[in-house]
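One structure is given below, encoded as structure tokens.
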Amino acid sequence: MTAVTAIALSQEEAFARIRLLRSPNIGPVSYVQLLRRFGSAVETLDALPDLAKRGTRDYRPAPRERIETEIAEVRRASARYLFHDSPEYPALLGETDGSPPILIVRGETALAAKPCVAMVGARNASAAAVKLARDFAAALADAGFTVVSGLARGIDGAAHRGALSATIGVIASGIDIASPPQHNELQEQVALQGLLVAEQPPGTEPRGSHFPSRNRIIAGLALGTLVVEAAPKSGSLITARLAGEAGREVMAIPGSPLDARAQGCNTLIREGAVLVQDPGDVIELLTGFDGTPRSTFRDPVQDIEIDPDDWAEAEPADVGALLTTAPVSVDELIRQSGASAAEVQMALLELEIGGSLVRHAGGRVSLSS
């Protein structure tokens, strides 16, 4: 995400931004595009009903009362909002496609400004892998890195414990919900000694759809992602793929081919992730990282940049006939339609707000089923 020019937010604009993001059919991509198009969330909220005219129903933004309740719950949790154009917003995360426009945080945001390394792996990790993750995290913290993980059981918990005063925990629930419940104490320690990050509003229980979103934050915060132990279909591999798509380093610790919990790491290495055996390997890879990963795991996804003046003048292109329920890249729609990037994106915005469009990873879109 390319940040809108940072401004000193008025209370009215801050409230409007939260309300905009909580409104129906508004995601991270459409949120930022709307701010570019209209200049402020206050203006955008006024424009939303007209933009949704391609939808099948009247459009109503999130109720003001709901946002007032949410803000009170954030304060009650001793947390605060972090907007995407705030100087405190993590710069690396802001560079990734579809990064969260608003985070809810507790703790020391300066930890995200230090060089970060994500550590992820199996929930049912072996005892040896748990010890290895804890030792790696401690060594990386001692070397000046911030360790990022997802506060899950197994490898995540071990990574946080190994780097407790230099760790960021990213959760799939609201900032006031501990998941899993047995990590309630660990989550509170991370919030008090490190940094706790949530994208979902307070009171939100974790759902399956929240975890890929959480994983993109973990990968986006870090220069590189290290997978310690993972099964072939582990969520940790999603984090690794997201790191690769963002042009970050992807690393894995190899394991025995006889252990199913090592197959995911071994597959990553076969597909281009860098094999690491000790913390020194990670430190060497990430010290002075210039944005060119040594891993060849996945080519980065290119973001489509649009000049603000083009947004202001854009009329929506007729791209509906080119779309089906099969995902297609926005680049391909621009090529086939013959319209400008701004015109295509404006058309996609109208379709999305109207409930007819779904956005997918890798800058792809489709009609909703």
**Study point:** Lone unmet requirement of (1) modelled with pLDDT of 90 or more; (2) in contact with a helix residue (DSSP H, G or I) (Cβ under 7 Å, 6 or more places away or on another chain); (3) surrounded by fewer than 18 Cβ atoms within 10 Å (Cβ to Cβ) for Phe38
**Key:** (3)
Review point. Limited to the stretch 68-85, what total is found for residues that are without any contact (Cβ under 8 Å) to a residue 60 or more places away in the chain and charged (D, E, K, R)?
Key: 3
**Study point:** Subset of the stretch 320-352 (residues that are in a loop (DSSP other than H, G, I, E, B), within 26 Å of the chain's Cα centre (by Cα) and among the small types (Gly, Ala, Ser))
**Key:** Ala326
Exercise for review: For Glu229, indicate whether it is open to solvent by less than 10 Å² (accessible area, probe 1.4 Å) and of a type in the set (D, E, K, R).
Suggested key: no
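Tell me, yes or no, whether the stretch 352-361 has at least one residue that is modelled with pLDDT of 80 or more, farther than 16 Å from Ser30 by Cβ and surrounded by fewer than 16 Cβ atoms within 10 Å (Cβ to Cβ). Show your work before the answer.
Here is the first cut: in the stretch 352-361, the residues modelled with pLDDT of 80 or more are 352-360.
When the remaining residues are screened for being farther than 16 Å from Ser30 by Cβ, the result is none.
Scanning the stretch 352-361, I find no residue that is modelled with pLDDT of 80 or more, farther than 16 Å from Ser30 by Cβ and surrounded by fewer than 16 Cβ atoms within 10 Å (Cβ to Cβ), so the answer is no.
Yes or no: Leu322 over 18 Å from Val32 (Cβ atoms), surrounded by fewer than 19 Cβ atoms within 10 Å (Cβ to Cβ), modelled with pLDDT of 85 or more and not small (Gly, Ala, Ser)? Show your work before the answer.
Working: over 18 Å from Val32 (Cβ atoms): yes; surrounded by fewer than 19 Cβ atoms within 10 Å (Cβ to Cβ): yes; modelled with pLDDT of 85 or more: yes; not small (Gly, Ala, Ser): yes.
So Leu322 fits the description; yes.
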Practice item. Kindly indicate which of Glu88, Glu68 is surrounded by fewer than 21 Cβ atoms within 10 Å (Cβ to Cβ), in a helix (DSSP H, G or I) and not aromatic (Phe, Trp, Tyr). Key: Glu68
Check your understanding: Limited to the stretch 249-288, what total is found for residues that are surrounded by fewer than 17 Cβ atoms within 10 Å (Cβ to Cβ), in contact with a strand residue (DSSP E or B) (Cβ under 8 Å, 6 or more places away or on another chain) and on the phi < 0 side of the Ramachandran plot?
Key -> 3
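What's the total number of residues in the stretch 6-25 that are of a type outside the set (D, E, K, R) and in contact with a helix residue (DSSP H, G or I) (Cβ under 6 Å, 6 or more places away or on another chain)?
Qualifying residue count for the region: 5.
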Exercise for review: Those residues that are of a type in the set (D, E, K, R) and either within 23 Å of the chain's Cα centre (by Cα) or part of a loop (DSSP other than H, G, I, E, B) (or both), I need them from the stretch 76-85; list them, please.
Suggested key: Arg80, Asp85
**Study point:** Lone qualifier among Glu88, Glu65 - being free of Cβ contacts under 8 Å to residues at least 60 places away in the same chain and within 23 Å of Val117 (Cβ to Cβ)
**Key:** Glu88
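Only one residue in Gly280, Gly291, Gly247, Gly220 is under 25 Å from Thr109 (Cα atoms) and in a helix (DSSP H, G or I), so which one is that? Can you show your working first?
On the way: Gly280 fails: under 25 Å from Thr109 (Cα atoms); Gly291 fails: in a helix (DSSP H, G or I); Gly247 fails: in a helix (DSSP H, G or I).
Unique residue meeting the criteria: Gly220.
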Revision key, fill the gap. Taking first residues from the stretch 234-248 that are open to solvent by 20 Å² or more (accessible area, probe 1.4 Å) and second residues anywhere that are basic (Lys, Arg), the pairs with Cβ under 7 Å that are 6 or more apart or on different chains are Arg241/Arg298; Leu242/Arg216; Glu245/Arg298
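The values are calculated or read from the model by the stated rules, or taken from the named source; none is laboratory data. This is a predicted model, so every value here is computed, not measured. Neighbour counts run over all protein chains shown; Cβ positions are idealised from the backbone, glycine included. For accessibility, only protein heavy atoms count, side chains too; no ligands or nucleic acids. Shrake-Rupley method; radii C 1.70, N 1.55, O 1.52, S 1.80 Å.
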